[in-house]
Amino acid sequence: MENWMEELHEECGVFGVYHAAKAAALTHLGLHALQHRGQEGAGIAACGDGQLLCRKGRGLLSDALSREDMEQLVGDSAIGHVRYSTQGGDEPENLQPLTARSGIGVIAAAHNGQIVNAWELRQKLEEQGSILYGTSDSEIILHLIQREKGHLTQKILEACRHLEGAFAFVILSENSLFAVRDKNGLRPLVVGKLGDGWCVASESCALEAVGATLIRDVQPGEVLK
């Protein structure tokens with residue numbers, strides 16, 4: 001554990017906006033401010049009119065998302081991610097946000113950090129019949145959420161009980177945005193106010209980029225909706 005703590009450094013950046021016009025465009029601005037946290041890939045998922053769409057690609061934000069991609073990402077809520085590969089390679093299936101469809105609807109997730117018990121969780125999920133497409137920790141988070149019972153908030157809370165490590169992640173559903181920080185608060189995540197809406201980001205500079213007002217840090221172990 002001491003060696004893991006010594007190697008801890010910041011990788012990847014996440015951003016989310018809820019209840020704001022042109023959410024995908026705002027997310028693009030926020031991710032641009034976080035570009036220094038990852039240059040290997042980028043993506044945005046947006047929700048509007050009961051539909052959740054995701055577009056992503058390799059490279060810098062300007063290369064990963066085209067104008068056509070952005071025009072398709074409509075709605076007043078969105079999450080985004082800039083990638084620096086930690087667990088998992090740079091294959092397309094590991095680019096974030098990742099999406100999943102189930103009886104509770106479509107959800108998208110993007111995360112920063114490392115889940116130190118990811119290998120054990122992956123093995124357990126596979127033994128229970130899950131088929132994992134990529135090799136990133138983010139996919140494990142989605143599978144754990146899907147397997148829990150109750151409404152989405154309950155599912156996320158229960159899923160987080162299985163996770164060990166340093167992480168922060170955002171989850172977008174068809175009508176909600178969630179922000180989650182590891183119980184030790186080892187990965188940064190802040191929340192801000194933007195008009196009648198809200199933003200979350202890995203760094204406050206992303207909030208400034210979209211004109212949001214910093215409210216506070218997401219607390220260690222908090223699941224914020």
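The values are calculated or read from the model by the stated rules, or taken from the named source; none is laboratory data. Computed from a predicted model, the values in this text were never measured in an experiment. Cβ atoms come from the backbone with ideal geometry, glycine included; neighbour counts cover every protein chain shown. To get the accessible areas, we keep the full protein, side chains included, count just its heavy atoms, and leave off ligands, DNA and RNA. Shrake-Rupley method; radii C 1.70, N 1.55, O 1.52, S 1.80 Å.
Which one is farthest from Pro92 (Cα to Cα), of the residues in region 157-182 that are among the aliphatic types (A, V, I, L, M) and assigned to a helix (DSSP H, G or I)?
From region 157-182, those among the aliphatic types (A, V, I, L, M) are 157, 159, 163, 166, 168, 170-172, 177, 179-180; that's our starting set.
After this cut, where a residue has to be assigned to a helix (DSSP H, G or I) as well, the list is 157, 159.
Numbers: Leu157: 28, Ala159: 25 Å.
Selected residue: Leu157.
Being of a type in the set (A, V, I, L, M, F, W, C) and open to solvent by 30 Å² or more (accessible area, probe 1.4 Å) is the requirement here; does Val116 meet it?
Working: of a type in the set (A, V, I, L, M, F, W, C): yes; open to solvent by 30 Å² or more (accessible area, probe 1.4 Å): yes.
In short, yes.
What's the total number of residues in region 97-147 that are touching a Lys or Arg at 6+ places or on another chain (Cβ under 7 Å) and hydroxyl-bearing (Ser, Thr, Tyr)?
0
Could you check, for region 95-116, whether at least one of its residues is at pLDDT 90 or above, charged (D, E, K, R) and outside any helix (DSSP H, G or I)?
Within region 95-116, none of the residues are at pLDDT 90 or above, charged (D, E, K, R) and outside any helix (DSSP H, G or I).
When Ala168 is evaluated against the numbered criteria (1) buried (at least 24 other Cβ atoms within 10 Å of the Cβ); (2) without any contact (Cβ under 8 Å) to a residue 40 or more places away in the chain; (3) in contact with a Lys or Arg (Cβ under 7 Å, 6 or more places away or on another chain), which criterion, by number, is the only one it fails?
So the condition that Ala168 fails would be (2).
Restricting region 117-139 to residues that are within 17 Å of the chain's Cα centre (by Cα) and over 20 Å from Gly185 (Cα atoms), which is modelled with the highest pLDDT? Can you show your working first?
First pass over region 117-139, keeping only residues within 17 Å of the chain's Cα centre (by Cα): 118, 134-139.
Filter once more, keeping what is over 20 Å from Gly185 (Cα atoms): 134-136, 139.
Working: Gly134: 71, Thr135: 73, Ser136: 77, Glu139: 88.
If we take residues in region 117-139 being within 17 Å of the chain's Cα centre (by Cα) and over 20 Å from Gly185 (Cα atoms), then Glu139 is modelled with the highest pLDDT.
Among the residues of region 99-113, what is the count of those that are of a type outside the set (Lys, Arg) and more than 8 Å from the chain's Cα centre (by Cα)? Steps first, answer last, please.
Of all residues in region 99-113, those of a type outside the set (Lys, Arg) come to 99-100, 102-113.
Those still in the list that are more than 8 Å from the chain's Cα centre (by Cα) too: 99-100, 102-107, 113.
Result for region 99-113: 9.
So which of Gln154, Gln123, Gln146 is in a helix (DSSP H, G or I) and in contact with an Asp or Glu (Cβ under 8 Å, 6 or more places away or on another chain)? Steps first, answer last, please.
Values: Gln123 fails: in contact with an Asp or Glu (Cβ under 8 Å, 6 or more places away or on another chain); Gln146 fails: in contact with an Asp or Glu (Cβ under 8 Å, 6 or more places away or on another chain).
The match here is Gln154.
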